[in-house]
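The values are calculated or read from the model by the stated rules, or taken from the named source; none is laboratory data. The model shown is predicted, which means the values in this text are computed figures rather than measured ones. Cβ sites come from the backbone with ideal geometry, for glycine too, and all protein chains shown count toward neighbours.
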Amino acid sequence: MTSMGSTAMRTILASTTALVLFFLLAADRSVAQAGATDEAQIRAIVEEQVTAWNAGDAVAFSKSFGEQGSFTNIRGTVFYGHKAFEDRHREIFDGFFKGSKLTMSVTHIRFVRPDVAIVDLATSVSNLSGAPPGIRPNAAGQIVTRLQQVFVKDNAVWRVEAYHNVEVTDS
């Protein structure tokens, strides 16, 4: 191979390498941007949940809960389906959690796949007029829990497919 042929080959190789790197970096940036958008959408749903709880609105609180979702409350009782989730929240908003205030803080979001996210939250319910049987508010008069929600994205819409709530006790 002539010196000129060798130079041309190196130029082609360098150009090809640069092009491949460009596309890899562009794809990586696109995935990162999609991840940031998905995380923002999930955080917005959490904020909507807080707003709905504080308004005592079971329909709005259940808006992003999946049709076949599972819900484990702080007493360990399990409910299945959107209707059961909404009905249970309507019941507690009309009962012992009437007028209560919820705070939720996302502590961790992990995307197991681009369309599945596990979201850990620290929660607190205050302004209590009562409590579920067997649950005792802490010294500050709050019920503190750790909540884990599993979000699944289908047709560009995030839904909660699992909602597992565990009371944090003072012990």
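May I ask you to list the residues in the stretch 79-95 that are under 20 Å from Gly69 (Cβ atoms) and part of a loop (DSSP other than H, G, I, E, B)?
Gly81
Of the residues making up the stretch 128-141, those that are surrounded by 13 or more Cβ atoms within 10 Å (Cβ to Cβ) and under 19 Å from Ala55 (Cβ atoms) number 2. When the stretch 140-159 is filtered for residues that are touching a residue at least 24 places away in the same chain (Cβ under 8 Å), of a type in the set (A, V, I, L, M) and within 16 Å of Arg113 (Cβ to Cβ), the ones remaining, listed by number, are Val150, Val152. The single condition among (1) assigned to a strand (DSSP E or B); (2) without any contact (Cβ under 8 Å) to a residue 12 or more places away in the chain; (3) closer than 20 Å to Gly56 by Cβ that Thr123 does not meet is (2). Residue count for the stretch 59-76 satisfying the condition of being in a loop (DSSP other than H, G, I, E, B), under 14 Å from the mean Cα position of the chain (by Cα) and not hydroxyl-bearing (Ser, Thr, Tyr): 1. Scan the stretch 128-137 and give yes if some residue there is modelled with pLDDT under 95 and of a type in the set (Ser, Thr, Tyr), otherwise no. Checking the stretch 128-137: at least one residue is modelled with pLDDT under 95 and of a type in the set (Ser, Thr, Tyr).
From the list Thr37, Thr77, Thr51, the lone residue that is surrounded by fewer than 12 Cβ atoms within 10 Å (Cβ to Cβ), free of Cβ contacts under 8 Å to residues at least 24 places away in the same chain and within 21 Å of Val157 (Cα to Cα) is Thr37.
Is it true that Lys98 is at pLDDT 95 or above and part of a loop (DSSP other than H, G, I, E, B)?
On the way: at pLDDT 95 or above: yes; part of a loop (DSSP other than H, G, I, E, B): yes.
When the stated conditions are applied, Lys98 passes them.
Residue count for the stretch 153-171 satisfying the condition of being more than 24 Å from Glu67 (Cβ to Cβ), under 25 Å from the mean Cα position of the chain (by Cα) and either surrounded by fewer than 16 Cβ atoms within 10 Å (Cβ to Cβ) or β-branched (Val, Ile, Thr) (or both): 3. If only residues of the stretch 54-74 that are of a type in the set (A, V, I, L, M) and without any contact (Cβ under 8 Å) to a residue 60 or more places away in the chain are counted, the one that is surrounded by the most Cβ atoms within 10 Å (Cβ to Cβ) is Ala58.
Pick out the one residue from Val150, Val119, Val125 that is under 18 Å from Asn54 (Cα atoms) and surrounded by 14 or more Cβ atoms within 10 Å (Cβ to Cβ).
Working: Val150 fails: under 18 Å from Asn54 (Cα atoms); Val119 fails: under 18 Å from Asn54 (Cα atoms).
Only one candidate qualifies: Val125.
Beta carbons closer than 8 Å, at least 6 apart along the sequence or on distinct chains, pair a first residue in the stretch 89-113 that is on the phi > 0 side of the Ramachandran plot with a second that is of a type in the set (Ser, Thr, Tyr) for Gly99/Ser129.
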